[in-house]
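These notes are about the structure you will find just below.
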Amino acid sequence: MSENLVRVRFAPSPTGYLHVGGARTALFNWLYARNQQGVFVLRIEDTDRERSTAASLDAIIRGLEWLGLDWDEGPGKGGPCGPYAQSERLPVYRAALRELQDRDRVYRCFCSDEELERRMQAAKDEGRAWDGYDGHCRRLPAAQIAAYEAAGRPACWRLRTPPTGVTFWYDIVVGKREFQNEVITDRVVVKADGFPTYNFAVVVDDHTMGITHVLRGDDHVSNTPFQLMIYDALGWTPPKFGHMPMILGPDRKRLSKRHGAVSVEEFRDQGIIPQAMVNYLALLGWSIGASGDEVMTSEGLIKKFSLKKVNSSPAAFDYDKLEHINSQHLKRMDPDHRRALALPILAARGWSYDPAWQVPGASDQHTYVDRLLALLGGRFSSLRTLPDQLVFFFREDFPVDAEAWRQQVAGAAGRERLAALAEAMDRALPADRPAGAAAYEEVVRELAERSQLAAGELIHPARVALTGQGRSAGIFEVMEALGRPRVVGRLRRAAG
Ligand code: GLU
(Lines give C-alpha, C1' and ligand atoms only; values in the text may rest on other atoms or scores of the structure.)
Protein backbone atom coordinates (compact mmCIF):
# COMPACT_ATOMS: atom_id res chain seq x y z
CA MET A 1 0.00 0.00 0.00
CA SER A 2 1.41 3.35 -1.01
CA GLU A 3 2.47 5.55 1.89
CA ASN A 4 0.48 8.56 0.86
CA LEU A 5 -2.68 6.87 -0.22
CA VAL A 6 -5.65 7.91 1.89
CA ARG A 7 -7.53 4.89 3.17
CA VAL A 8 -10.69 5.50 5.15
CA ARG A 9 -13.46 3.23 6.29
CA PHE A 10 -17.06 3.07 7.37
CA ALA A 11 -17.46 0.41 10.02
CA PRO A 12 -21.12 -0.13 10.89
CA SER A 13 -22.31 -2.64 13.44
CA PRO A 14 -25.26 -4.47 11.85
CA THR A 15 -27.55 -4.06 14.83
CA GLY A 16 -30.14 -1.72 13.27
CA TYR A 17 -31.02 0.32 10.21
CA LEU A 18 -28.79 2.95 8.60
CA HIS A 19 -29.40 6.02 10.76
CA VAL A 20 -28.74 9.46 9.29
CA GLY A 21 -25.85 9.83 11.75
CA GLY A 22 -24.24 6.68 10.35
CA ALA A 23 -25.03 7.79 6.81
CA ARG A 24 -23.28 11.10 7.42
CA THR A 25 -20.23 9.31 8.82
CA ALA A 26 -20.18 7.07 5.75
CA LEU A 27 -20.64 10.08 3.47
CA PHE A 28 -17.79 12.11 4.96
CA ASN A 29 -15.43 9.15 4.67
CA TRP A 30 -16.55 8.57 1.10
CA LEU A 31 -16.21 12.26 0.18
CA TYR A 32 -12.75 12.37 1.67
CA ALA A 33 -11.67 9.20 -0.15
CA ARG A 34 -13.02 10.44 -3.47
CA ASN A 35 -11.59 13.94 -2.98
CA GLN A 36 -8.16 12.50 -2.25
CA GLN A 37 -8.37 9.71 -4.82
CA GLY A 38 -8.06 7.37 -1.90
CA VAL A 39 -9.77 4.14 -0.93
CA PHE A 40 -13.09 3.78 0.87
CA VAL A 41 -13.41 0.53 2.82
CA LEU A 42 -16.65 -0.92 4.17
CA ARG A 43 -16.06 -3.11 7.21
CA ILE A 44 -18.79 -4.93 9.06
CA GLU A 45 -18.35 -4.92 12.83
CA ASP A 46 -20.38 -7.97 13.73
CA THR A 47 -18.55 -9.34 16.74
CA ASP A 48 -21.62 -8.76 18.89
CA ARG A 49 -23.14 -12.09 17.94
CA GLU A 50 -26.38 -11.53 19.80
CA ARG A 51 -27.29 -8.16 18.37
CA SER A 52 -25.96 -8.51 14.80
CA THR A 53 -28.52 -9.58 12.20
CA ALA A 54 -28.47 -10.35 8.50
CA ALA A 55 -31.55 -8.14 8.03
CA SER A 56 -29.73 -5.17 9.50
CA LEU A 57 -26.69 -5.79 7.32
CA ASP A 58 -28.97 -5.87 4.26
CA ALA A 59 -30.64 -2.62 5.31
CA ILE A 60 -27.29 -0.88 5.79
CA ILE A 61 -26.00 -2.07 2.42
CA ARG A 62 -29.26 -1.07 0.71
CA GLY A 63 -29.04 2.36 2.31
CA LEU A 64 -25.45 2.93 1.20
CA GLU A 65 -26.25 1.76 -2.32
CA TRP A 66 -29.30 4.01 -2.49
CA LEU A 67 -27.18 6.98 -1.45
CA GLY A 68 -24.62 6.04 -4.12
CA LEU A 69 -21.80 5.65 -1.58
CA ASP A 70 -19.88 2.91 -3.32
CA TRP A 71 -17.01 1.23 -1.51
CA ASP A 72 -13.75 0.08 -3.05
CA GLU A 73 -13.11 -2.78 -0.66
CA GLY A 74 -15.59 -4.67 1.47
CA PRO A 75 -18.57 -7.02 1.28
CA GLY A 76 -19.38 -8.01 -2.27
CA LYS A 77 -16.22 -6.33 -3.53
CA GLY A 78 -13.40 -8.15 -1.79
CA GLY A 79 -10.00 -6.51 -1.64
CA PRO A 80 -6.45 -7.11 -0.44
CA CYS A 81 -7.24 -6.73 3.27
CA GLY A 82 -10.20 -9.09 3.57
CA PRO A 83 -12.18 -10.62 4.93
CA TYR A 84 -14.14 -7.47 5.71
CA ALA A 85 -16.52 -8.83 8.34
CA GLN A 86 -15.06 -9.02 11.83
CA SER A 87 -16.71 -12.37 12.53
CA GLU A 88 -14.44 -13.82 9.82
CA ARG A 89 -11.26 -12.26 11.15
CA LEU A 90 -10.76 -14.19 14.38
CA PRO A 91 -7.31 -15.51 13.33
CA VAL A 92 -6.14 -11.92 12.80
CA TYR A 93 -7.18 -10.98 16.34
CA ARG A 94 -5.63 -14.13 17.73
CA ALA A 95 -2.29 -13.23 16.14
CA ALA A 96 -2.47 -9.71 17.57
CA LEU A 97 -3.29 -11.11 21.02
CA ARG A 98 -0.21 -13.35 20.80
CA GLU A 99 1.84 -10.28 20.02
CA LEU A 100 0.48 -8.54 23.11
CA GLN A 101 1.21 -11.62 25.19
CA ASP A 102 4.77 -11.80 23.89
CA ARG A 103 5.25 -8.16 24.80
CA ASP A 104 3.69 -8.78 28.21
CA ARG A 105 1.15 -6.03 27.60
CA VAL A 106 -1.88 -8.12 28.56
CA TYR A 107 -2.81 -10.29 31.51
CA ARG A 108 -5.43 -12.88 32.18
CA CYS A 109 -8.35 -11.82 34.30
CA PHE A 110 -10.30 -14.52 36.10
CA CYS A 111 -12.84 -12.25 37.79
CA SER A 112 -16.38 -13.45 37.21
CA ASP A 113 -19.22 -11.03 36.52
CA GLU A 114 -20.59 -11.69 40.01
CA GLU A 115 -17.26 -10.84 41.64
CA LEU A 116 -16.98 -7.64 39.64
CA GLU A 117 -20.54 -6.75 40.55
CA ARG A 118 -19.85 -7.35 44.25
CA ARG A 119 -16.70 -5.23 44.27
CA MET A 120 -18.44 -2.46 42.36
CA GLN A 121 -21.24 -2.45 44.94
CA ALA A 122 -18.72 -2.39 47.79
CA ALA A 123 -16.90 0.54 46.19
CA LYS A 124 -20.19 2.40 45.85
CA ASP A 125 -21.18 1.65 49.46
CA GLU A 126 -17.86 2.98 50.67
CA GLY A 127 -18.09 6.05 48.47
CA ARG A 128 -15.10 5.01 46.35
CA ALA A 129 -14.98 5.60 42.60
CA TRP A 130 -15.39 2.57 40.32
CA ASP A 131 -14.44 3.04 36.72
CA GLY A 132 -14.90 -0.44 35.32
CA TYR A 133 -12.08 -2.48 36.80
CA ASP A 134 -9.84 -2.32 39.86
CA GLY A 135 -6.77 -4.11 38.52
CA HIS A 136 -7.41 -7.14 40.74
CA CYS A 137 -5.87 -9.79 38.45
CA ARG A 138 -2.98 -7.58 37.42
CA ARG A 139 -1.40 -8.39 40.74
CA LEU A 140 -2.33 -12.07 40.86
CA PRO A 141 0.52 -14.28 42.16
CA ALA A 142 1.85 -16.83 39.68
CA ALA A 143 0.74 -19.73 41.88
CA GLN A 144 -2.83 -18.42 41.89
CA ILE A 145 -2.81 -18.08 38.11
CA ALA A 146 -1.56 -21.65 37.79
CA ALA A 147 -4.28 -22.87 40.15
CA TYR A 148 -7.04 -21.09 38.25
CA GLU A 149 -5.72 -22.44 34.98
CA ALA A 150 -5.52 -25.96 36.33
CA ALA A 151 -9.15 -25.63 37.44
CA GLY A 152 -10.11 -24.49 33.94
CA ARG A 153 -11.50 -21.20 35.22
CA PRO A 154 -12.61 -18.95 32.32
CA ALA A 155 -10.46 -15.90 31.76
CA CYS A 156 -10.47 -12.86 29.55
CA TRP A 157 -7.43 -10.79 28.54
CA ARG A 158 -7.00 -7.23 29.75
CA LEU A 159 -4.57 -4.61 28.54
CA ARG A 160 -1.97 -3.40 31.04
CA THR A 161 -2.65 0.31 30.73
CA PRO A 162 -0.18 2.90 31.95
CA PRO A 163 -1.14 4.01 35.48
CA THR A 164 0.17 7.56 35.15
CA GLY A 165 0.83 10.15 32.48
CA VAL A 166 -1.48 11.37 29.73
CA THR A 167 -2.69 10.07 26.38
CA PHE A 168 -3.53 12.64 23.74
CA TRP A 169 -4.08 13.09 20.05
CA TYR A 170 -4.68 15.96 17.66
CA ASP A 171 -8.19 15.41 16.45
CA ILE A 172 -8.84 16.62 12.91
CA VAL A 173 -12.25 17.94 13.91
CA VAL A 174 -12.12 18.87 17.58
CA GLY A 175 -8.44 19.68 18.07
CA LYS A 176 -6.19 18.36 20.82
CA ARG A 177 -7.80 15.84 23.13
CA GLU A 178 -6.10 14.69 26.27
CA PHE A 179 -6.96 12.06 28.87
CA GLN A 180 -5.27 11.29 32.18
CA ASN A 181 -4.09 7.70 31.99
CA GLU A 182 -5.23 6.97 35.50
CA VAL A 183 -8.87 7.22 34.39
CA ILE A 184 -8.41 4.58 31.67
CA THR A 185 -8.85 1.21 33.32
CA ASP A 186 -7.41 -2.08 32.18
CA ARG A 187 -10.21 -2.84 29.77
CA VAL A 188 -10.78 -6.25 28.20
CA VAL A 189 -9.28 -6.87 24.76
CA VAL A 190 -10.30 -10.50 24.28
CA LYS A 191 -13.30 -11.97 26.05
CA ALA A 192 -13.37 -15.36 27.78
CA ASP A 193 -15.10 -16.86 24.74
CA GLY A 194 -12.13 -15.86 22.57
CA PHE A 195 -13.95 -13.02 20.78
CA PRO A 196 -12.26 -9.63 20.63
CA THR A 197 -13.89 -6.61 22.21
CA TYR A 198 -14.93 -3.71 20.00
CA ASN A 199 -11.87 -1.63 20.93
CA PHE A 200 -9.40 -4.38 20.18
CA ALA A 201 -10.97 -5.48 16.90
CA VAL A 202 -11.18 -1.88 15.65
CA VAL A 203 -7.51 -1.23 16.32
CA VAL A 204 -6.36 -4.50 14.79
CA ASP A 205 -8.55 -3.97 11.75
CA ASP A 206 -7.70 -0.32 11.21
CA HIS A 207 -4.03 -1.21 11.38
CA THR A 208 -4.11 -4.34 9.24
CA MET A 209 -6.33 -2.61 6.69
CA GLY A 210 -3.92 0.30 6.42
CA ILE A 211 -6.50 2.88 7.48
CA THR A 212 -4.91 6.34 7.49
CA HIS A 213 -7.80 8.40 8.86
CA VAL A 214 -10.49 7.27 11.29
CA LEU A 215 -13.46 9.59 10.80
CA ARG A 216 -16.32 8.65 13.07
CA GLY A 217 -18.98 9.93 15.42
CA ASP A 218 -17.90 11.64 18.61
CA ASP A 219 -19.64 8.96 20.66
CA HIS A 220 -16.31 7.15 20.17
CA VAL A 221 -14.11 9.88 21.65
CA SER A 222 -14.01 8.11 25.00
CA ASN A 223 -12.76 4.93 23.29
CA THR A 224 -9.90 6.63 21.51
CA PRO A 225 -7.39 6.90 24.40
CA PHE A 226 -7.76 3.19 25.11
CA GLN A 227 -7.38 2.41 21.41
CA LEU A 228 -4.22 4.54 21.34
CA MET A 229 -2.89 2.47 24.23
CA ILE A 230 -3.48 -0.69 22.22
CA TYR A 231 -1.58 0.79 19.27
CA ASP A 232 1.23 1.65 21.63
CA ALA A 233 1.26 -1.80 23.21
CA LEU A 234 1.53 -3.39 19.77
CA GLY A 235 4.20 -0.95 18.61
CA TRP A 236 1.96 0.32 15.80
CA THR A 237 1.61 3.90 14.54
CA PRO A 238 -1.98 5.02 15.01
CA PRO A 239 -3.99 6.61 12.19
CA LYS A 240 -5.27 10.19 12.40
CA PHE A 241 -8.59 10.61 14.16
CA GLY A 242 -11.48 12.93 13.42
CA HIS A 243 -14.59 12.80 15.57
CA MET A 244 -17.70 14.37 14.12
CA PRO A 245 -20.27 15.90 16.44
CA MET A 246 -23.57 14.15 16.72
CA ILE A 247 -26.68 15.20 14.86
CA LEU A 248 -29.30 16.91 17.00
CA GLY A 249 -33.04 17.22 16.52
CA PRO A 250 -34.64 20.64 15.91
CA ASP A 251 -34.94 20.99 19.72
CA ARG A 252 -31.17 20.46 20.01
CA LYS A 253 -31.55 17.12 21.76
CA ARG A 254 -29.96 14.05 20.20
CA LEU A 255 -31.84 13.23 16.96
CA SER A 256 -34.22 10.35 17.58
CA LYS A 257 -37.41 8.77 16.26
CA ARG A 258 -39.42 11.21 18.30
CA HIS A 259 -38.27 14.00 15.97
CA GLY A 260 -39.44 12.19 12.82
CA ALA A 261 -37.68 10.00 10.30
CA VAL A 262 -34.18 8.90 11.28
CA SER A 263 -33.38 5.98 9.01
CA VAL A 264 -32.24 6.58 5.47
CA GLU A 265 -34.94 4.28 4.13
CA GLU A 266 -37.66 6.23 5.91
CA PHE A 267 -36.55 9.35 4.06
CA ARG A 268 -36.56 7.42 0.79
CA ASP A 269 -40.14 6.30 1.51
CA GLN A 270 -41.11 9.90 2.20
CA GLY A 271 -40.12 10.94 -1.29
CA ILE A 272 -36.62 12.25 -0.68
CA ILE A 273 -34.28 11.51 -3.57
CA PRO A 274 -30.76 10.23 -2.87
CA GLN A 275 -29.00 13.25 -4.41
CA ALA A 276 -30.88 15.52 -2.02
CA MET A 277 -30.19 13.31 1.00
CA VAL A 278 -26.47 13.24 0.20
CA ASN A 279 -26.43 16.97 -0.42
CA TYR A 280 -28.26 17.74 2.83
CA LEU A 281 -26.16 15.37 4.95
CA ALA A 282 -23.04 16.98 3.53
CA LEU A 283 -24.27 20.41 4.56
CA LEU A 284 -24.98 19.07 8.02
CA GLY A 285 -21.70 19.52 9.79
CA TRP A 286 -19.68 20.99 6.98
CA SER A 287 -19.29 24.74 6.44
CA ILE A 288 -19.37 25.03 2.70
CA GLY A 289 -18.94 28.78 3.01
CA ALA A 290 -21.47 31.50 2.33
CA SER A 291 -20.28 32.10 -1.23
CA GLY A 292 -21.29 28.83 -2.80
CA ASP A 293 -24.62 27.46 -3.92
CA GLU A 294 -25.78 24.91 -1.37
CA VAL A 295 -27.45 22.73 -3.96
CA MET A 296 -24.77 20.40 -5.20
CA THR A 297 -24.39 17.08 -6.93
CA SER A 298 -22.12 14.42 -5.48
CA GLU A 299 -19.43 15.42 -7.99
CA GLY A 300 -19.59 19.01 -6.78
CA LEU A 301 -19.42 17.90 -3.16
CA ILE A 302 -16.40 15.72 -3.84
CA LYS A 303 -14.57 18.63 -5.44
CA LYS A 304 -15.28 21.00 -2.58
CA PHE A 305 -14.89 18.64 0.35
CA SER A 306 -12.29 19.46 2.95
CA LEU A 307 -11.76 17.94 6.38
CA LYS A 308 -10.70 21.34 7.62
CA LYS A 309 -14.23 22.60 7.21
CA VAL A 310 -15.96 19.91 9.23
CA ASN A 311 -17.76 21.66 12.09
CA SER A 312 -16.76 20.89 15.63
CA SER A 313 -20.11 21.84 17.11
CA PRO A 314 -23.24 19.70 16.72
CA ALA A 315 -25.62 20.44 13.88
CA ALA A 316 -29.40 20.29 14.18
CA PHE A 317 -31.33 18.31 11.60
CA ASP A 318 -33.68 20.60 9.71
CA TYR A 319 -36.45 18.65 7.98
CA ASP A 320 -37.68 21.73 6.10
CA LYS A 321 -34.26 22.42 4.71
CA LEU A 322 -33.99 18.84 3.49
CA GLU A 323 -37.35 19.28 1.72
CA HIS A 324 -36.07 22.49 0.18
CA ILE A 325 -32.86 20.89 -1.06
CA ASN A 326 -34.95 18.00 -2.39
CA SER A 327 -37.18 20.36 -4.37
CA GLN A 328 -34.16 22.16 -5.79
CA HIS A 329 -32.69 18.89 -7.05
CA LEU A 330 -35.99 17.86 -8.63
CA LYS A 331 -36.28 21.22 -10.37
CA ARG A 332 -32.80 21.01 -11.83
CA MET A 333 -33.08 17.46 -13.01
CA ASP A 334 -33.16 16.63 -16.70
CA PRO A 335 -36.54 15.47 -18.15
CA ASP A 336 -35.52 11.82 -18.53
CA HIS A 337 -34.52 11.63 -14.91
CA ARG A 338 -37.69 13.37 -13.73
CA ARG A 339 -39.80 10.99 -15.78
CA ALA A 340 -37.92 7.97 -14.40
CA LEU A 341 -38.81 9.13 -10.88
CA ALA A 342 -42.45 9.86 -11.69
CA LEU A 343 -43.37 6.74 -13.68
CA PRO A 344 -43.20 4.21 -10.83
CA ILE A 345 -45.17 6.50 -8.53
CA LEU A 346 -47.98 6.73 -11.08
CA ALA A 347 -47.75 3.05 -11.95
CA ALA A 348 -48.13 2.16 -8.27
CA ARG A 349 -51.53 3.88 -8.36
CA GLY A 350 -52.49 2.29 -11.63
CA TRP A 351 -52.74 5.66 -13.39
CA SER A 352 -52.02 5.58 -17.08
CA TYR A 353 -52.69 7.52 -20.25
CA ASP A 354 -55.76 6.75 -22.31
CA PRO A 355 -55.56 7.69 -26.04
CA ALA A 356 -59.27 8.55 -25.94
CA TRP A 357 -58.28 11.70 -24.05
CA GLN A 358 -56.87 13.14 -27.29
CA VAL A 359 -53.98 15.09 -25.88
CA PRO A 360 -51.74 16.72 -28.48
CA GLY A 361 -48.22 15.34 -28.50
CA ALA A 362 -49.09 12.43 -26.20
CA SER A 363 -49.14 8.91 -27.56
CA ASP A 364 -48.37 6.80 -24.51
CA GLN A 365 -47.64 7.03 -20.80
CA HIS A 366 -44.07 8.30 -21.35
CA THR A 367 -44.97 11.11 -23.66
CA TYR A 368 -47.98 12.04 -21.56
CA VAL A 369 -45.98 12.14 -18.32
CA ASP A 370 -43.34 14.26 -20.05
CA ARG A 371 -46.05 16.74 -20.97
CA LEU A 372 -47.42 16.83 -17.42
CA LEU A 373 -44.00 17.30 -15.84
CA ALA A 374 -43.17 20.09 -18.27
CA LEU A 375 -46.46 21.68 -17.26
CA LEU A 376 -45.63 21.39 -13.55
CA GLY A 377 -42.12 22.75 -14.12
CA GLY A 378 -40.63 23.85 -10.81
CA ARG A 379 -43.79 22.90 -8.94
CA PHE A 380 -42.62 19.26 -9.10
CA SER A 381 -40.73 19.59 -5.86
CA SER A 382 -41.46 16.41 -3.97
CA LEU A 383 -42.08 12.80 -4.92
CA ARG A 384 -44.55 12.58 -2.09
CA THR A 385 -46.85 15.36 -3.28
CA LEU A 386 -46.64 14.42 -6.96
CA PRO A 387 -49.75 12.19 -6.93
CA ASP A 388 -51.82 14.99 -5.40
CA GLN A 389 -50.56 17.35 -8.06
CA LEU A 390 -51.41 15.00 -10.90
CA VAL A 391 -54.48 13.14 -9.76
CA PHE A 392 -56.95 15.18 -11.85
CA PHE A 393 -54.99 14.38 -15.01
CA PHE A 394 -55.70 10.70 -14.53
CA ARG A 395 -58.94 10.29 -12.63
CA GLU A 396 -62.46 11.66 -12.65
CA ASP A 397 -62.89 11.19 -8.91
CA PHE A 398 -60.23 13.77 -8.06
CA PRO A 399 -60.60 15.64 -4.77
CA VAL A 400 -62.35 18.99 -4.87
CA ASP A 401 -61.62 21.98 -2.66
CA ALA A 402 -65.04 22.60 -1.12
CA GLU A 403 -64.48 26.30 -0.49
CA ALA A 404 -63.29 26.97 -4.06
CA TRP A 405 -66.28 25.01 -5.37
CA ARG A 406 -68.70 27.01 -3.23
CA GLN A 407 -67.25 30.32 -4.37
CA GLN A 408 -66.78 29.64 -8.05
CA VAL A 409 -69.11 26.89 -9.15
CA ALA A 410 -72.01 26.29 -6.79
CA GLY A 411 -74.04 29.48 -7.47
CA ALA A 412 -76.42 29.90 -10.40
CA ALA A 413 -74.02 32.29 -12.16
CA GLY A 414 -71.12 29.85 -12.00
CA ARG A 415 -73.18 26.95 -13.28
CA GLU A 416 -74.61 28.99 -16.13
CA ARG A 417 -71.18 30.13 -17.24
CA LEU A 418 -69.81 26.62 -17.14
CA ALA A 419 -72.75 25.32 -19.18
CA ALA A 420 -72.21 28.07 -21.75
CA LEU A 421 -68.47 27.35 -21.87
CA ALA A 422 -69.05 23.63 -22.35
CA GLU A 423 -71.39 24.29 -25.26
CA ALA A 424 -69.02 26.82 -26.86
CA MET A 425 -66.15 24.36 -26.69
CA ASP A 426 -68.22 21.51 -27.99
CA ARG A 427 -69.23 23.62 -30.95
CA ALA A 428 -65.93 25.34 -31.73
CA LEU A 429 -63.34 22.59 -31.17
CA PRO A 430 -63.15 19.77 -33.71
CA ALA A 431 -64.13 16.45 -32.17
CA ASP A 432 -61.74 14.38 -34.25
CA ARG A 433 -58.38 15.97 -33.51
CA PRO A 434 -56.58 17.27 -30.45
CA ALA A 435 -56.90 20.94 -29.59
CA GLY A 436 -54.01 23.11 -28.45
CA ALA A 437 -53.98 25.64 -25.61
CA ALA A 438 -54.49 28.56 -28.01
CA ALA A 439 -57.72 27.05 -29.35
CA TYR A 440 -59.17 26.72 -25.82
CA GLU A 441 -58.12 30.26 -25.05
CA GLU A 442 -59.82 31.58 -28.13
CA VAL A 443 -63.10 29.92 -27.18
CA VAL A 444 -62.93 31.38 -23.67
CA ARG A 445 -62.11 34.90 -24.85
CA GLU A 446 -64.72 34.84 -27.55
CA LEU A 447 -67.44 33.67 -25.17
CA ALA A 448 -66.38 36.24 -22.56
CA GLU A 449 -66.72 38.99 -25.10
CA ARG A 450 -70.03 37.76 -26.35
CA SER A 451 -71.44 37.48 -22.82
CA GLN A 452 -69.85 40.72 -21.63
CA LEU A 453 -67.89 38.96 -18.92
CA ALA A 454 -64.30 39.32 -17.85
CA ALA A 455 -62.32 36.27 -19.00
CA GLY A 456 -61.60 35.52 -15.32
CA GLU A 457 -65.32 35.04 -14.67
CA LEU A 458 -65.15 32.01 -16.93
CA ILE A 459 -61.63 30.92 -16.09
CA HIS A 460 -62.03 30.71 -12.30
CA PRO A 461 -65.07 28.43 -12.27
CA ALA A 462 -63.55 26.38 -15.11
CA ARG A 463 -60.38 25.86 -13.12
CA VAL A 464 -62.29 24.47 -10.14
CA ALA A 465 -64.45 22.30 -12.38
CA LEU A 466 -61.45 20.86 -14.23
CA THR A 467 -58.89 20.48 -11.45
CA GLY A 468 -60.84 20.66 -8.18
CA GLN A 469 -58.52 23.45 -7.07
CA GLY A 470 -58.58 27.22 -6.92
CA ARG A 471 -55.03 27.36 -8.25
CA SER A 472 -53.29 25.45 -11.00
CA ALA A 473 -50.80 25.71 -13.80
CA GLY A 474 -51.89 27.87 -16.76
CA ILE A 475 -55.50 26.87 -17.34
CA PHE A 476 -55.30 26.66 -21.14
CA GLU A 477 -52.28 24.36 -20.92
CA VAL A 478 -54.18 22.31 -18.36
CA MET A 479 -57.11 22.06 -20.81
CA GLU A 480 -54.76 20.97 -23.57
CA ALA A 481 -53.29 18.29 -21.31
CA LEU A 482 -56.74 17.05 -20.27
CA GLY A 483 -58.02 16.85 -23.87
CA ARG A 484 -61.32 17.96 -25.32
CA PRO A 485 -63.55 15.04 -24.27
CA ARG A 486 -62.62 15.41 -20.62
CA VAL A 487 -62.73 19.21 -20.64
CA VAL A 488 -66.22 19.32 -22.10
CA GLY A 489 -67.36 16.43 -19.90
CA ARG A 490 -66.15 18.01 -16.67
CA LEU A 491 -67.56 21.43 -17.48
CA ARG A 492 -70.95 19.89 -18.19
CA ARG A 493 -70.86 17.78 -15.07
CA ALA A 494 -70.02 20.81 -12.92
CA ALA A 495 -72.80 22.83 -14.58
CA GLY A 496 -75.14 20.14 -13.26
N1 GLU B 1 -18.84 -0.20 14.75
C2 GLU B 1 -18.82 1.09 15.37
C3 GLU B 1 -20.19 1.67 15.37
O4 GLU B 1 -21.04 1.25 14.59
C5 GLU B 1 -17.92 2.08 14.68
C6 GLU B 1 -16.53 1.92 15.08
C7 GLU B 1 -15.59 2.97 14.60
O8 GLU B 1 -15.93 3.73 13.69
O9 GLU B 1 -14.51 3.00 15.11
O10 GLU B 1 -20.46 2.56 16.15
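The values are calculated or read from the model by the stated rules, or taken from the named source; none is laboratory data. Keep in mind that what you see is a predicted model, and the values were worked out from it rather than measured. All Cβ positions, glycine included, derive from the backbone under ideal geometry; neighbour counts span all protein chains shown. With ligands, DNA and RNA removed, areas are computed over all heavy atoms of the protein, side chains included. Shrake-Rupley method; radii C 1.70, N 1.55, O 1.52, S 1.80 Å.
Structure values in brief
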| item | result |
| --- | --- |
| Accessible-area value, LYS331, 1.4 Å probe, nucleic acids and ligands omitted, Å² | 90 Å² |
| Distance violations [Cα-Cα > 25 Å] among LYS77/LYS309; LYS304/LYS331; LYS240/LYS308; LYS240/LYS303; LYS257/LYS304 | LYS77/LYS309; LYS257/LYS304 |
| Calculated FRET efficiency for the pair ALA410/SER287, C-beta based, R₀ 60 Å, to 0.05 | 0.65 |
| In segment 41-89, the trypsin sites (Lys or Arg not before Pro) that fall in loop regions by DSSP, at most 13 other Cβ within 10 Å | ARG49, ARG51, LYS77 |
| Unmatched cysteines, the chain - criterion: no other Cβ of a Cys under 4.7 angstrom | CYS81, CYS111, CYS156 |
| 5 angstrom amide H check on TRP286, placed H, neighbours 5+ away | ASN311 |
| Cleavage-rule hits (GluC sites (Glu not before Pro)) in segment 1-69: DSSP loop, at most 10 neighbouring Cβ within 10 angstrom | GLU3, GLU50 |
| Rg to Rh quotient for the chain, alpha carbon positions, Kirkwood Rh | 1.19 |
| Helix-derived mean residue ellipticity, 222 nm - over the chain, DSSP H n ≥ 4, -39500 (n - 2.57), to 500 | -14500 deg cm²/dmol |
| Cut-off under 5 Å, modelled amide H: who pairs with VAL214 long-range | LYS240, PHE241, GLY242 |
| Segment 122-237 - accessible surface per residue (Å², probe 1.4 Å) | 47 Å² |
| Where labels lie 7 Å past Cα in the beta-carbon direction, separation of ASP219 and GLN37 in nm | 3.7 nm |
| Cα centroid separation - segment 90-155 against segment 167-197, whole Å | 17 Å |
| Rg/Rg_ref, segment 1-154, where Rg_ref = 2.2 N^0.38 Å and atoms are Cα | 1.42 |
| Mean-position separation - Cα centroids, segment 428-496 and segment 1-40, in angstrom | 56 Å |
| Trypsin sites (Lys or Arg not before Pro) restricted to segment 408-496 and DSSP loop, no more than 15 other C-beta within 10 Å | ARG471 |
| Dipole magnitude of the chain, debye to nearest 20 (Cβ charges: Lys/Arg +1, Asp/Glu -1, about Cα centre) | 400 debye |
